[in-house]
1. Of the residues 325, 321, which single one is in contact with a Phe, Trp or Tyr (Cβ under 7 Å, 6 or more places away or on another chain) and closer than 30 Å to residue 239 by Cβ?
2. When you go through 237, 174, 168 one by one, which is the residue that is closer than 30 Å to residue 17 by Cα, in contact (Cβ under 8 Å) with a residue 12 or more places away in the chain and hydroxyl-bearing (Ser, Thr, Tyr)?
3. Suppose we filter the range 252-268 for residues that are touching a strand residue (DSSP E or B) at 6+ places or on another chain (Cβ under 8 Å) and either open to solvent by 10 Å² or more (accessible area, probe 1.4 Å) or over 23 Å from residue 106 (Cβ atoms) (or both); how many remain?
4. Can you pull out every residue in the range 275-322 that is modelled with pLDDT of 95 or more, in contact with a strand residue (DSSP E or B) (Cβ under 6 Å, 6 or more places away or on another chain) and in a loop (DSSP other than H, G, I, E, B)?
5. Residue by residue through the range 445-461, note down the ones that are open to solvent by 20 Å² or more (accessible area, probe 1.4 Å) and in a helix (DSSP H, G or I).
6. In the range 170-185, what residues are closer than 10 Å to residue 124 by Cα, of a type in the set (A, V, I, L, M, F, W, C) and open to solvent by less than 10 Å² (accessible area, probe 1.4 Å)?
7. Do any residues in the range 40-66 that are over 18 Å from residue 133 (Cβ atoms) have Cβ atoms under 7 Å from those of residues that are of a type outside the set (Lys, Arg) and surrounded by 24 or more Cβ atoms within 10 Å (Cβ to Cβ), where the two are at least six apart or on different chains, and which pairs are they?
8. Taking the residues in the range 187-223 that are part of a loop (DSSP other than H, G, I, E, B) and open to solvent by less than 60 Å² (accessible area, probe 1.4 Å) as candidates, determine which candidate is nearest to residue 274 (Cα to Cα).
Amino acid sequence: MAKSYYLNAENLSLLPSEVAVPSYDRNQIKTSILHIGVSNFHRSHQAYYIHELIDKYKELHYGICGVDLLDSDRKIYNILKDQDGLYTLYTKEPNGSHKAKIIGAIVEYFFGPENPLAVIEKMAHPDIKIISMTIAEDGYHLNEITGEFDINHPAVNEDIKNPFSPKTVFGYLTQSFKLRKLRNLPGCTILSCDNIKSNGDTMKQSLLNYVSKVEPDLLDWISKNTCFPNTMVDRITPITNSKDISTLKEDFAIDDQWPVVCEPFSQWVIENAFIHDRPNWDKVGVQYTQNIAPFENLKLRLLNASHTILGILGTLHGYKTVYETAIDADFMLFLKNFLDEEVTPTLTDSDSKSIEDYKKSLVNRFKNPHINDQLIRICQESSAKVPLFILPTIKNQLANEKKIKWAAFIIAAWAKYNDGIDDNEQPYDIIDTMSGTLIRTAALSIQNPIKFLEIKSIFEDLSENELFASYYLDALAQLREEKVKVCIQNWNAN
């Protein structure tokens, strides 16, 4: 193996010329963004955009202070501290021309479990103009049934009891805002970058519900000194594996303990509502809009729904990656029929050209042979994804008395998926906070097929819709008798 260089600030100058390294002096950067949840996605998306702005336009006042709040984040915290906040963005083009870029936008890093008061102080610092976050769906602590903030969640209750040693983002935000108010400091913009509908509105309502319980005197200050723009984020970012780490060493001489792999496509759309001056992120491709809904619906109902469908169907068949499923003509014809006949009619706030262009781009992205996106990742927490990505299409179509044939098959396939055995008799793990309910109800549906559809917290009263139930029961009966590929072929033909 050729010589490689451990990634840190000292070794940047030793990396080969084909590796793009920061052209700016990182010591001169001022942090005005505090980001909670330094995930792979944050590093492939938001931190990438910030890096580009600093690198190309030398806007040195937009540095990022990374913050992780969970004990499970200790590994990434230790690695990035060890690497001076640097990491490799490993972009894989469909034609095989891969690129390595060192991202330097994260210049400070705090670990909540180690020193929560230091995090609160940093969040309250007047230099911090934006607090952004990628905390995933479960970080919002929403009630499974109502979708509203769960004030009785165990983690929330712990924060109420121990306000100066919080575990949730709401506990941290509340204490930092309290300090800003006491010190007569300005507020800041709260920027959710999570893949949930109306993410800014959701964060705002959840935070206000929390504050009304623990610090009601703070509500008026928050309403006057903060804002919560909605955003749409998009970039396929698979799990980093050991092969990626080895390839970076061999091909680019980079010894990076946790690089980030991503596709070349990236999109970030933000509602134009900031407390302070709007950042110049549009210089590097960020889109600002007054209405996020069209972008959000395209992403959730087309891309995210497609991912979930390929994950469920592909796993049942025995595939392991999105790519394997995407090059199977039967699965892709099924997906095309669903998108064309059932999703597209619901996208009334987008023009037909935008919709068709987006659908075409999805197919190309899924067929990138170098993005090793694991179906097990796609299928994680399906109980949160199906209601968000697929059920809105079903509800819209039923309300307008239009087709729901393809969607009904998807829900039936999800019931079958929760048996935990693929068509090759190989078991797979069901990773879901509702796994107990899903597995038990799927088992009961072998004797009573409608049982799975009666999970009220997910489907509400969908089991009572005769049209949907008839398609669903037909699909489930076929899936219990035949392999998923045969069922899809039959469904496509009829």
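The values are calculated or read from the model by the stated rules, or taken from the named source; none is laboratory data. Note that the structure is predicted; figures quoted are calculated from it, not measured. Quick reminder, even Gly has a Cβ in these numbers, built from the backbone with ideal geometry, and neighbours come from all protein chains shown. Ligands, DNA and RNA are excluded from the accessible area calculation, which covers all protein heavy atoms including side chains. Shrake-Rupley method; radii C 1.70, N 1.55, O 1.52, S 1.80 Å.
1. Values: 321 fails: in contact with a Phe, Trp or Tyr (Cβ under 7 Å, 6 or more places away or on another chain).
Testing whether each residue is in contact with a Phe, Trp or Tyr (Cβ under 7 Å, 6 or more places away or on another chain) and closer than 30 Å to residue 239 by Cβ leaves just 325.
2. Working: 174 fails: closer than 30 Å to residue 17 by Cα; 168 fails: closer than 30 Å to residue 17 by Cα.
Sole residue among the options that is closer than 30 Å to residue 17 by Cα, in contact (Cβ under 8 Å) with a residue 12 or more places away in the chain and hydroxyl-bearing (Ser, Thr, Tyr): 237.
3. Initial filter on the range 252-268 (touching a strand residue (DSSP E or B) at 6+ places or on another chain (Cβ under 8 Å)): 252-256, 258-268.
If we keep only those that are either open to solvent by 10 Å² or more (accessible area, probe 1.4 Å) or over 23 Å from residue 106 (Cβ atoms) (or both) too, we end up with 252-253, 255, 258, 264-267.
Within the range 252-268, residues that are touching a strand residue (DSSP E or B) at 6+ places or on another chain (Cβ under 8 Å) and either open to solvent by 10 Å² or more (accessible area, probe 1.4 Å) or over 23 Å from residue 106 (Cβ atoms) (or both) number 8.
4. 286, 292
5. Restricting attention to the range 445-461, the residues satisfying the condition of being open to solvent by 20 Å² or more (accessible area, probe 1.4 Å) are 446-451, 454, 456-457, 460-461.
Once the filter is applied, which keeps residues that are open to solvent by 20 Å² or more (accessible area, probe 1.4 Å) and in a helix (DSSP H, G or I), the range 445-461 yields 451, 454, 456, 457.
6. Result: 173, 177.
7. 51/103; 51/104; 51/105; 54/105; 60/54
8. To start, the set of residues in the range 187-223 that are part of a loop (DSSP other than H, G, I, E, B) comprises 187, 193-198, 215.
When the remaining residues are screened for being open to solvent by less than 60 Å² (accessible area, probe 1.4 Å), the result is 187, 193-196, 198, 215.
Numbers: 187: 11, 193: 15, 194: 18, 195: 20, 196: 20, 198: 16, 215: 24 Å.
The selected residue is 187.
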